[in-house]
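See below for the structure under consideration.
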Amino acid sequence: MGMVQEERDAHIANGQYIRCQVTEGVEVRWKNRETIVPAMVIPGAQKILFGAIPMEAMDLMVNPVTQEVVGVHGDEVLFYAL
């Protein structure tokens with residue numbers, strides 16, 4: 001895990017507001033894709049949640065039928081320049 005950069009208040013999925021640590025950028029990989037994003041350290045969390053920002057950065061989505069992570073454009077990785 002990257003070094004802690006700051007603490008921040010967060011509203012999490014179960015409706016709670018908590019104070020959590022935010023790390024410097026950490027490398028996230030999935031098959032042939034990778035990105036660097038900060039991570040939020042949720043006190044007492046037992047699982048890692050793969051959020052929307054790294055999913056979008058790696059051109060990924062969850063297939064609603066199979067409930068699996070897949071490439072939005074198949075195996076080809078598309079990057080968007082703004």
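The table below gives the values:
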item: Label-point gap, in nm, between residue 45 and residue 12 - each point 7 angstrom along Cα→Cβ; result: 0.8 nm
item: From the coordinates shown, P(r) over Cα pairs in 5 Å bins from 0, in percent corresponds to which of (1) 3, 13, 20, 22, 16, 15, 9, 2; (2) 3, 10, 16, 22, 27, 16, 5, 2, 0; (3) 3, 11, 10, 12, 9, 8, 8, 6, 6, 6, 5, 5, 4, 3, 3, 2, 1, 0; result: (1)
item: Label point distance in nm, residue 52-residue 69, each placed 7 Å from Cα along Cα→Cβ; result: 1.7 nm
item: Dipole magnitude of the chain, debye to nearest 20 (Cβ charges: Lys/Arg +1, Asp/Glu -1, about Cα centre); result: 240 debye
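Here, each number is a calculation from the coordinates, and none is a lab measurement. Values in this document were obtained by computation on a predicted structure and should not be read as measured data. Every residue, glycine among them, receives a Cβ derived from its backbone with ideal geometry; neighbour counts consider all protein chains shown.
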